[in-house]
Amino acid sequence: MNSAGFRIMGVVNVTPDSFSDGGQYLDAAAAIAHGLELDAEGAVILDVGGESTRPGAAPVAEDEELRRVIPVIEGLIAAGCAAQISIDTSKSGVAARALEAGATFVNDVTAFRGDPEIVAVVAEAKAECCLMHMLGTPRTMQFDPRYDDVVDEVKAFLEERMRFAIAHGVAEERIMLDPGIGFGKTVAHNLELLRRLRELVELGRPVVIGTSRKSFLGKLTGREVDDRIAATIATNVLAYERGARVFRVHDVAPVHDALTVTAATVSAPWTTPTSTTRWTRTRGTSTPSPR
(Lines give C-alpha, C1' and ligand atoms only; values in the text may rest on other atoms or scores of the structure.)
Protein backbone atom coordinates (compact mmCIF):
# COMPACT_ATOMS: atom_id res chain seq x y z
CA MET A 1 0.00 0.00 0.00
CA ASN A 2 1.09 3.58 -0.55
CA SER A 3 0.98 6.22 2.17
CA ALA A 4 -2.69 6.89 1.37
CA GLY A 5 -3.58 3.25 2.00
CA PHE A 6 -4.48 2.05 -1.50
CA ARG A 7 -2.84 0.33 -4.42
CA ILE A 8 -3.51 1.01 -8.07
CA MET A 9 -3.07 -1.90 -10.45
CA GLY A 10 -2.42 -0.61 -13.96
CA VAL A 11 -3.70 -2.69 -16.88
CA VAL A 12 -1.16 -3.77 -19.51
CA ASN A 13 -3.10 -5.80 -22.08
CA VAL A 14 -0.86 -7.53 -24.62
CA THR A 15 -3.86 -8.74 -26.60
CA PRO A 16 -5.56 -8.05 -29.93
CA ASP A 17 -9.10 -8.37 -28.57
CA SER A 18 -9.46 -6.84 -25.09
CA PHE A 19 -12.68 -4.82 -24.87
CA SER A 20 -11.02 -1.45 -24.22
CA ASP A 21 -7.47 -1.35 -25.55
CA GLY A 22 -7.19 -4.53 -27.61
CA GLY A 23 -4.38 -4.31 -30.15
CA GLN A 24 -2.95 -1.01 -28.88
CA TYR A 25 -0.07 -2.68 -27.03
CA LEU A 26 0.27 -6.02 -28.81
CA ASP A 27 3.83 -5.10 -29.76
CA ALA A 28 6.16 -5.78 -26.80
CA ALA A 29 7.94 -2.43 -27.09
CA ALA A 30 4.62 -0.56 -27.03
CA ALA A 31 3.42 -2.58 -24.03
CA ILE A 32 6.66 -1.92 -22.13
CA ALA A 33 6.45 1.81 -22.83
CA HIS A 34 2.82 1.84 -21.70
CA GLY A 35 3.67 -0.04 -18.51
CA LEU A 36 6.45 2.42 -17.67
CA GLU A 37 4.03 5.30 -18.24
CA LEU A 38 1.49 3.74 -15.84
CA ASP A 39 4.30 3.19 -13.33
CA ALA A 40 5.20 6.88 -13.51
CA GLU A 41 1.54 7.85 -13.07
CA GLY A 42 1.23 6.02 -9.77
CA ALA A 43 0.53 2.36 -10.44
CA VAL A 44 2.22 0.16 -7.83
CA ILE A 45 1.20 -3.06 -9.61
CA LEU A 46 1.25 -3.65 -13.36
CA ASP A 47 -1.09 -6.44 -14.46
CA VAL A 48 0.30 -7.94 -17.67
CA GLY A 49 -2.15 -10.12 -19.59
CA GLY A 50 -1.92 -12.02 -22.85
CA GLU A 51 -5.43 -13.49 -23.02
CA SER A 52 -8.58 -11.38 -23.14
CA THR A 53 -11.28 -12.13 -20.58
CA ARG A 54 -13.93 -9.85 -22.13
CA PRO A 55 -17.40 -11.37 -22.58
CA GLY A 56 -17.32 -13.86 -25.45
CA ALA A 57 -13.52 -14.02 -25.63
CA ALA A 58 -11.98 -17.18 -27.08
CA PRO A 59 -9.19 -19.04 -25.25
CA VAL A 60 -5.56 -18.46 -26.23
CA ALA A 61 -3.01 -21.28 -26.53
CA GLU A 62 -0.34 -21.32 -23.83
CA ASP A 63 2.54 -20.88 -26.28
CA GLU A 64 0.91 -17.77 -27.75
CA GLU A 65 0.16 -16.33 -24.33
CA LEU A 66 3.79 -16.84 -23.30
CA ARG A 67 5.00 -15.24 -26.52
CA ARG A 68 2.98 -12.16 -25.72
CA VAL A 69 3.69 -11.63 -22.04
CA ILE A 70 7.21 -12.85 -21.20
CA PRO A 71 9.09 -10.25 -23.30
CA VAL A 72 6.97 -7.53 -21.70
CA ILE A 73 7.68 -8.69 -18.15
CA GLU A 74 11.38 -9.03 -18.87
CA GLY A 75 11.43 -5.64 -20.61
CA LEU A 76 9.70 -3.85 -17.75
CA ILE A 77 12.14 -5.25 -15.22
CA ALA A 78 15.16 -4.48 -17.44
CA ALA A 79 13.90 -0.89 -17.76
CA GLY A 80 13.90 -0.47 -13.99
CA CYS A 81 10.13 -0.46 -13.50
CA ALA A 82 9.39 0.27 -9.83
CA ALA A 83 5.93 -1.30 -9.85
CA GLN A 84 5.29 -4.88 -8.83
CA ILE A 85 4.64 -7.09 -11.86
CA SER A 86 1.50 -9.21 -11.93
CA ILE A 87 0.67 -11.88 -14.50
CA ASP A 88 -3.00 -12.01 -15.45
CA THR A 89 -3.46 -15.69 -16.29
CA SER A 90 -5.27 -18.86 -15.30
CA LYS A 91 -2.62 -21.20 -16.74
CA SER A 92 -0.02 -22.74 -14.44
CA GLY A 93 2.62 -22.86 -17.19
CA VAL A 94 2.24 -19.15 -17.94
CA ALA A 95 2.24 -18.27 -14.25
CA ALA A 96 5.41 -20.29 -13.64
CA ARG A 97 7.30 -18.72 -16.53
CA ALA A 98 6.13 -15.23 -15.59
CA LEU A 99 7.27 -15.69 -11.99
CA GLU A 100 10.64 -16.95 -13.22
CA ALA A 101 10.88 -13.83 -15.41
CA GLY A 102 10.36 -11.56 -12.41
CA ALA A 103 6.63 -11.27 -11.73
CA THR A 104 5.64 -11.64 -8.08
CA PHE A 105 1.84 -11.61 -8.33
CA VAL A 106 -0.67 -13.91 -10.06
CA ASN A 107 -4.11 -12.55 -10.95
CA ASP A 108 -6.34 -15.51 -11.78
CA VAL A 109 -9.89 -14.74 -12.91
CA THR A 110 -10.85 -18.38 -12.31
CA ALA A 111 -9.68 -18.31 -8.67
CA PHE A 112 -7.48 -21.39 -9.24
CA ARG A 113 -10.31 -23.42 -10.83
CA GLY A 114 -9.14 -23.21 -14.44
CA ASP A 115 -5.87 -25.10 -13.95
CA PRO A 116 -5.46 -27.30 -10.85
CA GLU A 117 -1.67 -26.86 -10.89
CA ILE A 118 -1.60 -23.07 -10.60
CA VAL A 119 -2.15 -22.99 -6.84
CA ALA A 120 1.05 -25.05 -6.33
CA VAL A 121 2.97 -22.65 -8.57
CA VAL A 122 1.82 -19.67 -6.51
CA ALA A 123 2.49 -21.39 -3.20
CA GLU A 124 5.99 -22.53 -4.16
CA ALA A 125 6.97 -19.07 -5.43
CA LYS A 126 5.47 -17.38 -2.34
CA ALA A 127 3.77 -15.00 -4.77
CA GLU A 128 0.86 -12.71 -4.03
CA CYS A 129 -2.37 -13.60 -5.78
CA CYS A 130 -5.84 -12.35 -6.54
CA LEU A 131 -8.79 -14.74 -6.55
CA MET A 132 -11.78 -13.50 -8.55
CA HIS A 133 -15.41 -14.55 -8.79
CA MET A 134 -16.73 -15.35 -12.25
CA LEU A 135 -19.97 -17.07 -13.17
CA GLY A 136 -19.15 -19.48 -15.99
CA THR A 137 -16.37 -18.64 -18.44
CA PRO A 138 -15.61 -15.51 -20.49
CA ARG A 139 -17.48 -17.11 -23.38
CA THR A 140 -20.63 -17.78 -21.35
CA MET A 141 -20.59 -15.49 -18.32
CA GLN A 142 -23.00 -12.86 -19.66
CA PHE A 143 -25.63 -15.34 -20.86
CA ASP A 144 -28.45 -14.41 -18.46
CA PRO A 145 -26.54 -14.49 -15.14
CA ARG A 146 -28.79 -15.17 -12.14
CA TYR A 147 -28.31 -15.18 -8.36
CA ASP A 148 -30.61 -15.49 -5.35
CA ASP A 149 -28.41 -12.94 -3.54
CA VAL A 150 -25.36 -11.87 -5.54
CA VAL A 151 -23.41 -10.54 -2.56
CA ASP A 152 -23.99 -13.57 -0.36
CA GLU A 153 -23.07 -15.94 -3.19
CA VAL A 154 -19.95 -14.05 -4.24
CA LYS A 155 -18.86 -13.80 -0.60
CA ALA A 156 -19.31 -17.54 -0.03
CA PHE A 157 -17.41 -18.33 -3.22
CA LEU A 158 -14.46 -16.08 -2.32
CA GLU A 159 -14.31 -17.47 1.19
CA GLU A 160 -14.23 -21.04 -0.18
CA ARG A 161 -11.51 -20.22 -2.71
CA MET A 162 -9.43 -18.48 -0.07
CA ARG A 163 -9.66 -21.55 2.15
CA PHE A 164 -8.68 -23.73 -0.82
CA ALA A 165 -5.60 -21.60 -1.51
CA ILE A 166 -4.53 -21.61 2.13
CA ALA A 167 -5.01 -25.38 2.37
CA HIS A 168 -2.68 -25.75 -0.63
CA GLY A 169 0.12 -23.69 0.83
CA VAL A 170 -0.64 -20.09 -0.13
CA ALA A 171 -0.10 -17.80 2.86
CA GLU A 172 -3.28 -15.94 3.80
CA GLU A 173 -1.47 -12.60 3.88
CA ARG A 174 -0.61 -13.04 0.19
CA ILE A 175 -4.23 -13.36 -0.95
CA MET A 176 -6.47 -10.63 -2.36
CA LEU A 177 -10.12 -11.07 -3.34
CA ASP A 178 -12.02 -9.66 -6.32
CA PRO A 179 -15.83 -9.82 -6.62
CA GLY A 180 -15.51 -9.85 -10.42
CA ILE A 181 -17.48 -6.80 -11.45
CA GLY A 182 -18.86 -7.52 -14.92
CA PHE A 183 -17.90 -11.20 -14.88
CA GLY A 184 -21.27 -12.93 -15.03
CA LYS A 185 -23.22 -10.00 -13.58
CA THR A 186 -25.95 -7.68 -14.76
CA VAL A 187 -25.87 -3.93 -14.15
CA ALA A 188 -28.02 -4.49 -11.07
CA HIS A 189 -25.66 -7.19 -9.77
CA ASN A 190 -22.64 -4.92 -10.21
CA LEU A 191 -24.32 -2.05 -8.38
CA GLU A 192 -25.42 -4.31 -5.54
CA LEU A 193 -21.86 -5.59 -5.11
CA LEU A 194 -20.54 -2.03 -4.97
CA ARG A 195 -23.33 -0.97 -2.61
CA ARG A 196 -22.67 -3.82 -0.16
CA LEU A 197 -18.92 -4.05 -0.60
CA ARG A 198 -18.30 -3.85 3.14
CA GLU A 199 -19.73 -7.37 3.44
CA LEU A 200 -16.87 -8.66 1.27
CA VAL A 201 -14.31 -6.63 3.20
CA GLU A 202 -15.43 -8.62 6.26
CA LEU A 203 -13.53 -11.61 4.81
CA GLY A 204 -10.38 -9.90 6.09
CA ARG A 205 -8.35 -9.69 2.88
CA PRO A 206 -7.74 -6.71 0.57
CA VAL A 207 -10.60 -6.35 -1.90
CA VAL A 208 -9.67 -5.64 -5.52
CA ILE A 209 -12.11 -3.65 -7.64
CA GLY A 210 -12.05 -3.70 -11.44
CA THR A 211 -14.72 -1.42 -12.89
CA SER A 212 -12.48 0.40 -15.36
CA ARG A 213 -14.35 1.42 -18.55
CA LYS A 214 -16.70 -1.57 -18.23
CA SER A 215 -19.93 -1.98 -20.16
CA PHE A 216 -22.24 -1.47 -17.18
CA LEU A 217 -20.82 2.06 -16.89
CA GLY A 218 -21.69 2.59 -20.55
CA LYS A 219 -25.21 1.33 -19.96
CA LEU A 220 -25.64 3.74 -17.05
CA THR A 221 -24.12 6.79 -18.75
CA GLY A 222 -24.60 6.15 -22.45
CA ARG A 223 -20.89 6.74 -23.04
CA GLU A 224 -18.47 4.75 -25.21
CA VAL A 225 -15.51 2.82 -23.81
CA ASP A 226 -12.91 5.59 -24.04
CA ASP A 227 -15.24 8.15 -22.45
CA ARG A 228 -15.95 6.35 -19.18
CA ILE A 229 -13.18 7.81 -17.00
CA ALA A 230 -15.54 9.87 -14.84
CA ALA A 231 -17.78 6.86 -14.28
CA THR A 232 -14.74 4.73 -13.46
CA ILE A 233 -13.56 7.31 -10.92
CA ALA A 234 -17.00 7.43 -9.29
CA THR A 235 -17.13 3.68 -8.75
CA ASN A 236 -13.58 3.54 -7.39
CA VAL A 237 -14.17 6.41 -4.97
CA LEU A 238 -17.33 4.71 -3.71
CA ALA A 239 -15.50 1.39 -3.44
CA TYR A 240 -12.68 2.98 -1.43
CA GLU A 241 -15.17 4.51 0.98
CA ARG A 242 -16.68 1.04 1.42
CA GLY A 243 -13.34 -0.60 2.17
CA ALA A 244 -11.75 -1.67 -1.13
CA ARG A 245 -8.02 -0.96 -1.24
CA VAL A 246 -6.77 -2.23 -4.65
CA PHE A 247 -8.05 -0.74 -7.90
CA ARG A 248 -7.43 -2.25 -11.33
CA VAL A 249 -7.67 0.53 -13.91
CA HIS A 250 -6.62 1.61 -17.39
CA ASP A 251 -6.45 5.33 -16.56
CA VAL A 252 -4.00 5.46 -13.67
CA ALA A 253 -3.30 9.20 -13.27
CA PRO A 254 -6.88 10.48 -12.82
CA VAL A 255 -7.89 7.56 -10.61
CA HIS A 256 -4.75 8.04 -8.50
CA ASP A 257 -5.59 11.71 -7.97
CA ALA A 258 -9.22 10.94 -7.12
CA LEU A 259 -8.29 8.23 -4.61
CA THR A 260 -5.58 10.39 -3.03
CA VAL A 261 -8.16 13.08 -2.31
CA THR A 262 -10.71 10.49 -1.18
CA ALA A 263 -8.27 8.83 1.19
CA ALA A 264 -7.25 12.18 2.68
CA THR A 265 -10.88 13.15 3.16
CA VAL A 266 -12.00 9.85 4.66
CA SER A 267 -9.10 9.81 7.13
CA ALA A 268 -9.31 13.52 8.06
CA PRO A 269 -10.34 14.23 11.67
CA TRP A 270 -13.84 15.61 12.02
CA THR A 271 -14.41 18.57 14.33
CA THR A 272 -17.63 20.42 15.15
CA PRO A 273 -18.15 23.96 16.34
CA THR A 274 -18.46 24.34 20.11
CA SER A 275 -21.84 25.16 21.61
CA THR A 276 -20.62 28.66 22.41
CA THR A 277 -19.75 29.47 18.80
CA ARG A 278 -22.07 30.57 16.03
CA TRP A 279 -21.24 31.47 12.44
CA THR A 280 -21.92 34.91 10.98
CA ARG A 281 -21.38 36.18 7.47
CA THR A 282 -19.42 39.39 7.02
CA ARG A 283 -18.71 40.83 3.60
CA GLY A 284 -19.12 37.51 1.86
CA THR A 285 -17.05 35.42 4.30
CA SER A 286 -18.13 33.21 7.17
CA THR A 287 -16.45 33.92 10.50
CA PRO A 288 -17.07 32.54 13.99
CA SER A 289 -18.28 34.91 16.65
CA PRO A 290 -19.14 34.41 20.32
CA ARG A 291 -22.79 34.05 21.30
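The values are calculated or read from the model by the stated rules, or taken from the named source; none is laboratory data. Not measured: the values here are computed from a predicted model. With ideal geometry, Cβ positions are generated from the backbone for all residues, glycine too; neighbour counts draw on all protein chains shown. In case anyone asks, the SASA skips ligands and DNA or RNA and just uses the protein heavy atoms, side chains included. Shrake-Rupley method; radii C 1.70, N 1.55, O 1.52, S 1.80 Å.
Dividing the convex hull volume of the alpha carbon atoms of region 43-149 by its residue count gives 110 Å³ per residue. Would you mind checking region 239-255 for residues with the amide N under 16 Å from a putative spin-label position 7 Å along Cα→C-beta of Glu202? Zone members listed by number: 242-244. Placing one identical point scatterer on every Cα of region 171-242 and ignoring solvent, what is log10 I(q)/I(0) from the Debye formula at q = 0.11, 0.14, 0.29 Å⁻¹? Evaluating at q = 0.11, 0.14, 0.29 Å⁻¹ gives log10 I(q)/I(0) of -0.27, -0.43, -1.41. Which shape class applies to region 158-278: rounded if a/c is under 1.5, otherwise prolate when a/b exceeds b/c and oblate if not, where a ≥ b ≥ c are the square roots of the Cα gyration tensor eigenvalues? Cα axes put region 158-278 in the oblate bin.
Taking 7 Å steps out from each Cα toward its Cβ at Lys126 and Thr221 produces label points 4.2 nm apart.
Taking every protein chain into account, the accessible area of the chain amounts to 46 square angstrom per residue (probe 1.4 Å). Under 13 Å of direct C-alpha separation, and excluding same-chain neighbours fewer than eight residues apart, Lys185 reaches these aspartates and glutamates: Asp144, Asp148, Asp149, Glu153. Rounded to two decimals, the Cα-based Rg/Rh of region 88-247, with Kirkwood Rh, is 0.97.
Can you give the calculated 222 nm mean residue ellipticity of the chain, where each DSSP H run of n ≥ 4 adds -39,500 (n - 2.57) and the sum is split over every residue, rounded to the nearest 500 deg cm²/dmol? Before the final figure, lay out the partial values.
On the way: 10 runs with 117 residues, N = 291.
So the calculated ellipticity at 222 nm is -12500 deg cm²/dmol.
Our analysis of the chain gives Rg over Rh at 1.04, with the two radii drawn from alpha carbon positions and Rh computed by the Kirkwood formula.
In the chain, which longest range has no GluC sites (Glu not before Pro) that are both DSSP loop (not H, G, I, E or B) and surrounded by at most 15 other Cβ atoms within 10 Å? Don't jump to the answer; show the numbers that get you there.
Numbers: sites that count: Glu117, Glu202, Glu224.
Free of exposed loop sites, the longest segment is 1-116.
Within the set of other residues whose C-beta is less than 12 Å from the C-beta of Leu76, count the net charge using Lys and Arg as +1 and Asp and Glu as -1. After counting each charged neighbour, the total is -4.
Span-like helix check, the chain: qualifying full DSSP H segments, with Cα axial length of 15 Å or more and mean Kyte-Doolittle of 0.5 or more, are 28-41, 229-241, 252-267.
Leaving out ligands, DNA and RNA, what percent of the accessible area of region 196-259 is carbon and sulfur, probe 1.4 Å?
Numbers: 1340 of 2630 Å².
Carbon and sulfur atoms account for 51 percent of the accessible area of region 196-259.
Residues within the reach of a label modelled at Tyr147 (point 7 angstrom out along Cα to beta-carbon, backbone nitrogen below 15 Å), restricted to region 198-212, are 198-203, 208-211. Structure remark: mean-square fluctuation, Gaussian network model of the chain, C-alpha springs under 10 Å; the largest value among Asp144, Asp226, Asp108 belongs to Asp144.
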